[in-house]
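Values quoted throughout were computed directly from the atomic coordinates according to the rules given, and no laboratory measurement underlies them. Worth saying up front: this structure is predicted, and the values here are computed from it rather than measured. Heads up, the Cβs are rebuilt from the backbone with ideal geometry, glycines too, and the neighbour counts pull from every protein chain shown.
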Amino acid sequence: MTASPLRTEIFLLAWSAAFGLVVGTVYWFLTYEVAGSVLLVGFGAGSAVAALLMRRTAADAAEEGDTAEIAPRPGWGPIGIGAGIGLCGLGLAFGPWLVLLGILVLTASGATWLATAVADYDRLP
């Protein structure tokens, strides 16, 4: 049996899932506050689903003998996406112009990141 190429990522997501579910449950019984409990448990459930999907994908790839991974080229796309989301959030408090700027930055960064990922995928043998 070969080791999964995504073992570290799967372990991190499984650990995050356990953390979110345990802390969310404890938080509920200590505070009976709905919003925080739902967010923590939702974070745990989402991490669990992501870990299971990655494990299944890694197992399928290992069965096919395909252990190659796409290593993305460095770029500013993820940072721009985060900045765009932040600007949209600030725009909800400070005015619609920040929302428009956030949407512009978010769209441009997402398009650049997607174009880079597609180009990297197309270069695979």
Report summary line: Label model pair ALA83, GLU63: point-to-point distance (7 angstrom along the Cα→beta-carbon line) in nm is 4.4
Report task. For the chain, give the magnitude of the charge dipole about the Cα centre (Cβ charges: +1 Lys/Arg, -1 Asp/Glu; no others), in debye to the nearest 20. Result -> 280
Query - FRET E, pair TRP97, ALA35, Förster distance 35 Å, beta-carbon r, rounded to 0.05 - result: 0.75
Query raised in the report: Where is the GNM fluctuation largest for the chain (alpha-carbon springs, 10 angstrom cutoff): PHE11, PHE43, PHE29?
Result: PHE29
Report task. For LEU52, put the label point 7 Å out on the Cα→Cβ axis and report which residues of the range 13-45 keep their amide N under 17 Å from it. Result -> 13-22, 41-45
Requested in this report: Taking every Cα atom in the chain, find the radius of gyration and the maximum pairwise distance Dmax, and write them in Å.
Outcome: 19.2, 56
Report summary line: In terms of the charge dipole of the chain, which places +1 on Lys and Arg and -1 on Asp and Glu at the beta carbon, the residue among TYR32, GLY77, ILE103 farthest towards the positive end is TYR32
Report task. Can you figure out the FRET efficiency of GLU9 with ALA119, using R₀ = 30 Å and their beta-carbon distance, to the nearest 0.05? Result -> 0.85
Query raised in the report: Which net charge results for the neighbourhood of ALA14, defined as the other residues with beta-carbon distances under 12 angstrom from its beta-carbon, given Lys and Arg at +1 and Asp and Glu at -1?
Result: +1
